[in-house]
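Undergrad: Next up is a structure, given as structure tokens.
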Amino acid sequence: MPNASRPIEIDDLYNMIFVADPNISPDGRKVAWVATTVDRDKNGYRSSIWLAPSDRSEDPYRFTGGKSKDTSPRWSPDATHIAFLSDRSGRNQVWIIPSDGGEAWQVTDGPNAAGEIGWMPDGTAIYFTSKVDREEADDEACKRKSDTRVITSLKYKFDGEGFLDDKRRHVHVVGIHGGDSRTLTSGDFDSTQPSVSPDGRYLACMSNRTGDDRNDSLSDVWVTDLHNDESRRVTPEDGNYGTPTWSPSGVLAYTGHPIVEPYGPTTLDNLYTWDPDTDEISGLLVGIDREPGNSAIADARYGVPTQAPIWSHDGSSVYTLLSDRGSTHVYSCPTTGNPESLATGTRDIQSFTLANDGTVAFASSTMDQPTEVFVRRTDRSEIRLSNHNGPIIDGIDLGAIEEITYESDPGVTIHGWLVRPPGFNPDVKHPAVIQIHGGPHGMYGVGFFHEMHVLAARGSVVLYTNPRGSTGYGQDFVASSMNDWGGADYRDVMAGVPFLESLGYVDMARLGVTGGSYGGYMTNWIISQTNQFKAAVTMRSTCNRLSLYGTSDFNMMYNDWEFQGTPYDNPALYLERSPLTYVKNITTPVLILHSENDLRCPITQGEEFFVALKKLGKTVEFVRFPDESHNLSRSGQPVHRIERLERLTGWFDTHL
């Protein structure tokens with residue numbers, strides 16, 4: 001890169017600005033977004049709202065400030081005010097500020113945090129989600145204080161949240177000047193992802209009202225008539241559906257999929273419309289073997305919202321994200337016709353909004369540029385609005401990034417990327433590290449990945465790919481790891497070894513392997529099957545699929561499909577595909593990095609692996625991160641994120 005002066009460093013994480021959630025005003029004149037920085041003094045994060053004219057006739061400026069987290073900017077229908085969430089009063093509440101500047105005022109002050117905000121169509125009120133306190137029971141047993149927990153459902157804990165309480169999340173509405181709020185949904189279930197119809201009469205939301213929602217993983221779209229509080233289920237109660245949004249004429253769009261044979265939970269989402277007049281449901285992605293949303297995995301994001309589809313102002317098209325071979329683009333999907341990509345090129349678009357005239361504001365990154373805000377105008381021209389990370393990246397040599405493919409099994413092509421060290425010399429033999437993503441049903445993408453660049457800056461060639469089971473390559477590809485963890489996916493990753501050898505500049509005696517979550521599982525599996533790697537770092541991993549089933553926060557919800565039934569139905573497969581079964585084969589030095597509050601892949605998995613390796617006299621080290629969840633590498637305490645990277649790179653520095 002021009003003006004490059006040094007390789008990227010681990011501590012550059014402290015200086016990065018995480019850009020997210022751009023929202024364009026209805027008239028298309030201004031864009032608001034969230035910029036999050038690391039607060040080193042508090043070992044946490046601060047978020048503020050930034051604003052800029054959509055034509056960039058003026059420079060962007062920070063619209064809110066302070067030591068709080070201001071997030072989720074949402075424009076009023078007349079573009080004169082912005083509602084947002086802020087924890088400046090202690091917990092997340094709804095605030096409103098004039099869009100031309102002035103003092104913000106607090107709208108809600110409930111006992112529980114507010115979230116998922118939107119404006120009522122007439123601009124006089126805000127709807128939001130918040131938990132509802134459970135009424136106190138009358139019997140003495142419930143009144144007696146106790147520190148015990150009585151568990152009666154499968155879903156009683158959730159990673160990043162901890163043990164679930166008895167409160168339910170519901171939709172409420174409050175006037176823009178505050179006061180008492182009114183609850184729009186109620187019942188012993190959660191109602192989230194709210195959207196109000198343009199005439200203000202109907203509320204759509206995602207909910208599981210089967211009566212057994214804590215023991216299954218279904219979700220449906222429900223519509224409530226706010227005039228009489230009557231609700232109806234729109235979707236067929238056979239899968240996962242959500243992100244509802246209304247067209248100007250009152251047609252509903254949403255995403256989701258049925259959980260049925262043969263693909264089960266790996267069935268690709270579709271983009272649907274529902275006409276309340278005819279009760280007709282139509283799929284808009286017929287013939288497109290990709291699913292809506294951004295399924296890319298990266299470590300330089302913070303506060304990215306769930307992207308709902310958005311209708312065009314004339315109601316003729318629905319806009320959505322589609323993940324395809326590592327890139328994520330905005331597509332316009334006509335209600336009659338073929339989808340069209342609006343923002344092309346190799347890029348990772350995380351979220352977007354749409355003005356009435358069709359102008360699109362979106363947050364996007366590439367492999368050599370962290371996320372910034374862009375505007376795509378109706379004449380198809382594009383403007384970059386923000387440059388938060390430019391001053392940082394412009395002084396760094398990131399090294400060359402190359403898109404690659406190689407063959408695995410006959411006829412199976414694996415797609416990925418290669419990062420070479422800064423100042424790369426092809427005449428020198430370099431160590432190499434293979435990275436494996438989590439999921440397995442996610443994908444490595446073309447967005448900025450700090451960890452990959454750091455590893456390359458330490459002198460390693462870094463290879464990261466999307467093996468079978470990854471999203472972004474079609475239905476058959478994503479489903480091909482079902483009932484075969486450690487099979488086809490293992491062969492796809494290992495086919496990267498001869499690919500690296502073919503390059504001619506990789507020292508094949510200095511290979512490392514690493515990954516987190518499912519990538520940690522695959523790291524454990526690989527070193528239990530081969531001794532080709534000189535060092536391994538396994539992060540938030542699993543090693544015993546049988547014991548994981550009953551200890552993870554939701555593995556029991558989908559592993560019945562992934563492993564041909566429960567461990568009680570098919571214990572042989574669970575043990576056969578557990579790296580712990582083959583732990584005696586391991587000769588590779590292993591570093592285990594695990595978060596103590598990880599409920600997705602509980603730390604007991606790291607403990608089992610460590611004890612077995614240590615008992616067998618293997619070279620192993622176990623690092624435990626207190627007060628961290630499964631998402632340590634993406635949203636954990638900054639000092640822990642830094643130390644994780646130091647230990648990861650240090651292990652490879654020592655052993656490679």
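The values are calculated or read from the model by the stated rules, or taken from the named source; none is laboratory data. Only a predicted model underlies this, so the values are computations on that prediction, with no experimental measurement involved. Cβ placement follows ideal geometry from the backbone for every residue including glycine, while neighbour counts extend to all protein chains displayed. For accessibility, only protein heavy atoms count, side chains too; no ligands or nucleic acids. Shrake-Rupley method; radii C 1.70, N 1.55, O 1.52, S 1.80 Å.
Undergrad: Note the full-extension length gain between Asn215 and Glu340 as 0.36 nm times their separation in residues minus their Cα-Cα distance, in nm to one decimal.
TA: Taking 0.36 nm per residue and subtracting the Cα distance, the gain is 41.1 nm.
Undergrad: What nm distance separates the two modelled labels at Asp394 and Arg232, each placed 7 Å from Cα along Cα→Cβ?
TA: 5.7
Undergrad: How many percent of the accessible area of the chain is carbon or sulfur, using a 1.4 Å probe?
TA: 46
Undergrad: If the limit is 21 Å between Cα atoms, which of Lys534/Lys584; Lys42/Lys157; Lys157/Lys614; Lys131/Lys157 go over it?
TA: Lys42/Lys157; Lys157/Lys614
Undergrad: Could you pull out every one of the aspartates and glutamates with an alpha carbon less than 13 Å from that of Lys167, ignoring same-chain neighbours closer than 8 positions?
TA: Straight-line reach from Lys167, under 13 Å: Asp133, Glu135, Glu136, Asp188, Asp190.
Undergrad: By per-residue mean of other Cβ atoms within 10 Å, what is the highest-first order of 113-122, 573-582?
TA: In decreasing order of mean packing, 113-122, 573-582 become 573-582, 113-122.
Undergrad: Output the peptides 88-99, 5-16 sorted from most to least packed, where packing is the average of other Cβ atoms within 10 Å over each peptide's residues.
TA: So the order, starting with the most tightly packed, is 88-99, 5-16.
Undergrad: Please work out the Kirkwood hydrodynamic radius for the range 41-150, using every pair of different C-alpha atoms, and report it in angstroms with one decimal place.
TA: By the Kirkwood definition, the hydrodynamic radius is 16.4 Å.
Undergrad: Still on this model: With both partners inside the chain, how many of the DSSP beta bridges are antiparallel, as a percent to the nearest 5?
TA: The antiparallel fraction comes to roughly 80 percent.
Undergrad: Rg (Å, one decimal) plus Dmax (Å, integer) for the alpha carbons of the range 333-376?
TA: Here Rg and the maximum Cα pair distance are 12.0, 38 Å.
Undergrad: How tilted is helix 518-529 with respect to the longest principal axis of the chain? Cα atoms for both, answer in degrees (0 to 90, nearest 10).
TA: It is inclined by approximately 20 degrees.
Undergrad: Which of Thr328, Trp105, Ile527 sits farthest toward the positive end of the charge dipole of the chain, with +1 on the Cβ of Lys and Arg and -1 on the Cβ of Asp and Glu?
TA: Result: Ile527.
Undergrad: Okay, next question. So if I place +1 on the C-beta of Lys and Arg and -1 on the C-beta of Asp and Glu, and nothing else carries charge, what would the dipole magnitude of the chain be about its Cα centre? I want it in debye, nearest 20.
TA: Dipole about the Cα centre, nearest 20: 1920 debye.
Undergrad: While we're on this one: Compute the length gained on full extension between Glu596 and Trp105: take 0.36 nm times their separation in residues and subtract their Cα-Cα distance, giving the result in nm to one decimal.
TA: The span from Glu596 to Trp105 would gain 172.9 nm if fully extended.
Undergrad: Accessible area per residue of the chain at 1.4 Å probe, in Å²?
TA: 40
Undergrad: Taking Cα atoms, how many degrees apart are the long axis of helix 638-655 and the longest axis of the chain, rounded to 10 and kept between 0 and 90?
TA: Here the helix axis deviates by roughly 20 degrees.
Undergrad: Work out, in µm²/s and without decimals, the Stokes-Einstein translational diffusion coefficient of the chain at 37 °C, 0.692 mPa s, Rh from Kirkwood over C-alpha pairs.
TA: Approximately 126 µm²/s, per Stokes-Einstein.
Undergrad: Related question: About the Cα centre of the range 1-124, how large is the charge dipole given +1 on each Lys and Arg Cβ and -1 on each Asp and Glu Cβ? Please answer in debye to the nearest 20.
TA: Value, rounded to 20: 280 debye.
Undergrad: Using Cα positions and a limit of under 15 Å, work out the aspartates and glutamates in reach of Lys618, with same-chain residues fewer than 8 apart set aside.
TA: Once the sequence-local aspartates and glutamates are set aside, what remains near Lys618 is Glu607, Glu608.
Undergrad: Using just the helices of the chain, give the 222 nm mean residue ellipticity in deg cm²/dmol: DSSP H runs with n ≥ 4 each add -39,500 (n - 2.57), and the total is spread over all residues, rounded to 500.
TA: One gets -4000 deg cm²/dmol as the mean residue ellipticity at 222 nm.
Undergrad: With the Cα gyration tensor of the range 1-41 giving a ≥ b ≥ c as the square roots of its eigenvalues, does the rule (a/c under 1.5 for rounded; else a/b larger than b/c for prolate; else oblate) give rounded, prolate or oblate?
TA: Oblate, because a/c is 1.5 or more while a/b does not exceed b/c.
Undergrad: While we're here: Whole angstrom only: what separates the Cα centroid of the range 634-652 from the Cα centroid of the range 290-319?
TA: Each part reduced to its Cα centre gives a spacing of 30 Å.
Undergrad: Which Cα, out of Gln564, Ile592, Asn544, lies furthest along the positive dipole direction of the range 440-595 (beta carbon charges, K/R +1, D/E -1)?
TA: The residue sitting most towards the positive pole is Ile592.
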